[in-house]
1. Under the condition of being out of contact with any helix residue (DSSP H, G or I) (no Cβ under 9 Å at 6 or more places or on another chain) and in a loop (DSSP other than H, G, I, E, B), which residue from region A:195-213 is farthest from the other protein chains (Cβ to nearest Cβ)?
2. Exactly one of (1) closer than 16 Å to residue B:180 by Cβ; (2) touching a strand residue (DSSP E or B) at 6+ places or on another chain (Cβ under 8 Å); (3) at pLDDT below 95 is unmet by residue A:236. Its number?
3. Which residues, taken from region A:151-172, are buried (at least 22 other Cβ atoms within 10 Å of the Cβ) and either more than 22 Å from residue A:109 (Cα to Cα) or in contact with a helix residue (DSSP H, G or I) (Cβ under 7 Å, 6 or more places away or on another chain) (or both)?
4. Residue by residue through region A:187-196, note down the ones that are surrounded by fewer than 23 Cβ atoms within 10 Å (Cβ to Cβ) and in contact (Cβ under 8 Å) with a residue 12 or more places away in the chain.
5. Considering only residues that are assigned to a loop (DSSP other than H, G, I, E, B), farther than 16 Å from residue A:74 by Cβ and over 14 Å from the mean Cα position of the chain (by Cα), which ones fall in region A:214-235?
6. Residue under question is residue B:152, and the condition is that it be under 17 Å from the mean Cα position of the chain (by Cα), within 9 Å of chain A (Cβ to nearest Cβ) and under 20 Å from residue B:19 (Cα atoms); does it hold?
7. Only one residue in B:121, B:58, B:76, B:48 is more than 19 Å from the chain's Cα centre (by Cα), at pLDDT 95 or above and more than 23 Å from residue B:194 (Cα to Cα). Which one?
8. Here's a check for you: in region A:26-51, which residue that is assigned to a strand (DSSP E or B) and closer than 13 Å to residue A:107 by Cα is farthest from the other protein chains (Cβ to nearest Cβ)?
């Protein structure tokens with residue numbers, strides 16, 4: 001039997017180059033949307049509704065009983081209640097609740113994958129690396145590792161995560177995709193200390209977030225399998241796949 | 001004084017994200033357009049006119065005295081005289097002549113950079129790596145390393161060349177660009193034997209060209225400084241910069 005194909009899309013602006021239909025799309029926004037999503041679901045959030053603007057987040061907050069969250073420039077956005085750090089969502093706080101989260105890069109990619117007819121959309125981060133890999137291996141379908149990037153520019157951390165997935169599951173897939181090989185090589189260079197790799201390379205997001213005093217957040221988002229659930233995007237909501 | 005900025009654009013489909021105006025754009029199409037361009041100019045070609053279709057190439061061939069060249073699927077395209085291998089353009093053949101070359105990825109990027117108002121457009125390949133680096137260092141202007149890619153998908157060889165340039169000149173530039181850091185790391189992994197790196201990673205272009213029996217061409221295109229001229233795109237023509 002032919003192996004399914006795996007591709008890495010380094011930016012949402014390149015998604016049109018790939019055949020999204022009949023494909024599982026893994027949305028990757030390591031710093032910090034998909035890390036926060038994994039954490040909140042791991043800690044028992046009922047569901048997460050990702051929205052692409054602060055306005056929509058505020059509006060939804062007036063319509064349903066939920067927690068509204070999101071940041072702009074490293075601060076909780078005016079009008080919202082919480083930020084975009086995993087540390088804000090312990091079980092004691094988030095269990096059973098609905099989280100409405102505004103993110104820019106990640107939400108946009110979720111919507112694009114949906115519009116293009118993906119079979120399934122899941123989210124990936126280092127916090128749930130194994131859950132993603134186990135699932136992709138079991139499904140035996142074509143996969144696109146979709147990096148949310150930063151304003152469409154490829155970034156180091158999302159590329160690293162794509163490389164981590166590839167390193168784990170490549171034997172089960174046909175990979176005729178240079179971006180995947182680039183990601184895998186980058187991950188193998190960085191894996192022993194991804195934080196130091198980000199720092200040494202002055203990764204733009206490292207630079208941005210440390211400027212806001214968020215070193216601890218970055219370190220957490222580079223920790224493997226500490227919130228090992230599989231978030232799936234169904235009917236406009238992210239839920240923990242059973 | 002502030003250092004000028006350097007960016008790496010991994011695909012023409014991402015060029016709109018960068019500020020092309022007042023910038024030197026280095027068009028990179030290692031396999032094989034910009035390698036052939038460097039070789040032909042190094043061997044004395046009067047000028048090279050890049051065109052984006054076989055039809056335009058044939059048409060120009062009826063209008064001016066020139067050599068028409070280009071390939072499709074590893075073969076000389078029907079209606080044209082020569083192919084896209086450096087080995088076809090020794091000094092004894094090409095000196096003083098006009099070469100009309102049809103390429104797809106590289107020519108398109110040249111036209112895009114021109115349309116977006118680049119200050120200067122030059123072409124880069126491993127064959128003229130030093131000439132590119134010396135020039136960029138001397139000019140002290142903002143730089144975009146523009147990878148021609150393959151049908152807009154990032155590729156290994158163009159990314160490697162961007163990384164080679166960055167490795168050589170990074171001290172003279174401000175680099176706040178993750179794609180540049182990715183390229184630099186990839187080059188440093190591969191530099192000791194880029195051919196083996198391409199092979200080990202089953203680079204898509206390596207795969208495609210070896211399928212046409214072009215291993216020798218690939219090896220040549222990964223050889224540093226053997227056609228060390230600076231091709232500049234002026235008035236629709238590539239000429240050797242004095």
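The values are calculated or read from the model by the stated rules, or taken from the named source; none is laboratory data. Values in this document were obtained by computation on a predicted structure and should not be read as measured data. All Cβ positions, glycine included, derive from the backbone under ideal geometry; neighbour counts span all protein chains shown.
1. Filtering region A:195-213 for residues that are out of contact with any helix residue (DSSP H, G or I) (no Cβ under 9 Å at 6 or more places or on another chain) and in a loop (DSSP other than H, G, I, E, B), the one farthest from the other protein chains (Cβ to nearest Cβ) comes out as A:213.
2. Status for residue A:236: all satisfied but (1).
3. Of everything in region A:151-172, those that are buried (at least 22 other Cβ atoms within 10 Å of the Cβ) and either more than 22 Å from residue A:109 (Cα to Cα) or in contact with a helix residue (DSSP H, G or I) (Cβ under 7 Å, 6 or more places away or on another chain) (or both) turn out to be A:154, A:155, A:156, A:157, A:159, A:160, A:161, A:162, A:163, A:164, A:165, A:166.
4. Within region A:187-196, A:187, A:188, A:191, A:195 qualify.
5. Of everything in region A:214-235, those that are assigned to a loop (DSSP other than H, G, I, E, B), farther than 16 Å from residue A:74 by Cβ and over 14 Å from the mean Cα position of the chain (by Cα) turn out to be A:226, A:235.
6. Yes: the conditions hold for residue B:152.
7. B:58
8. Taking region A:26-51 as the starting set, the residues that turn out to be assigned to a strand (DSSP E or B) are A:26-28, A:47-51.
Those still in the list that are closer than 13 Å to residue A:107 by Cα too: A:26-28, A:48-51.
Working: A:26: 18, A:27: 18, A:28: 14, A:48: 27, A:49: 29, A:50: 23, A:51: 24 Å.
The residue in question is A:49.
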